[in-house]
Structures are given as C-alpha cells and as structure tokens.
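For reference, the structure is listed below as structure tokens.
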Amino acid sequence: MPKLDGYGFLRELRGQDLPQTPAIMISTEAAGHDRKRALAAGANHYLIKPVKPEQFLVPVRLLLGEESP
C-alpha cells in the first residue's frame, strides 16, 4: 500500500462509522510488540507467517462463533 501499512489501514478502517468486520492480521513480524501493535490497531487476531490453512481456520471459526472440529 503506497501510503498506509496494514496497521494504519486497520486504524483508519476502525475509525470509520461503518459496521465492522473481524480482521485477522497475518505478518512475518514475530515479536510480542508486533502482536500488541496489531491488536491496538483493531485486529481481532494475529498470526505469524507461514500460516497453514488449518491454523487460519481456528481463529476464523472463533470469530464466526463456530466451534472448531
């Protein structure tokens, strides 16, 4: 993104007077402060790359209110 990174985009999105969709941030950044920064920006969950499909499905199902298999 030319003017915003993912954190900035999420902050902008969360600042809008719109119905909000859950957001899962996926990053290569693995430090604890990166997770805190993502959650402070409005992410509902933070995953570190590489992410396997089954790892991604757990928070998706949680955010949708479904039980994991």
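The values are calculated or read from the model by the stated rules, or taken from the named source; none is laboratory data. Owing to the predicted nature of the structure, the values given are computational and were not obtained by experimental measurement. When we count neighbours, we look across all protein chains shown, and the Cβ atoms used for this are built from the backbone with ideal geometry, even at glycine. Only protein heavy atoms, including side chains, enter the accessible area calculation; ligands, DNA and RNA are left aside. Shrake-Rupley method; radii C 1.70, N 1.55, O 1.52, S 1.80 Å.
Structure summary
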| item | result |
| --- | --- |
| Test: residue in the stretch 51-66 that is open to solvent by 70 Å² or more (accessible area, probe 1.4 Å), part of a loop (DSSP other than H, G, I, E, B) and hydrophobic (A, V, I, L, M, F, W, C) | no |
| Where K3 falls short, out of the listed (1) basic (K, R); (2) under 13 Å from the mean Cα position of the chain (by Cα); (3) at pLDDT below 95 | (2) |
| Candidate set: the stretch 22-36, residues that are in a loop (DSSP other than H, G, I, E, B), aliphatic (A, V, I, L, M) and more than 12 Å from R11 (Cα to Cα); chosen: the one most open to solvent (accessible area, probe 1.4 Å) | A30 |
| Any hit, the stretch 37-48, residues being under 11 Å from the mean Cα position of the chain (by Cα), buried (at least 16 other Cβ atoms within 10 Å of the Cβ) and among the charged types (D, E, K, R) | yes |
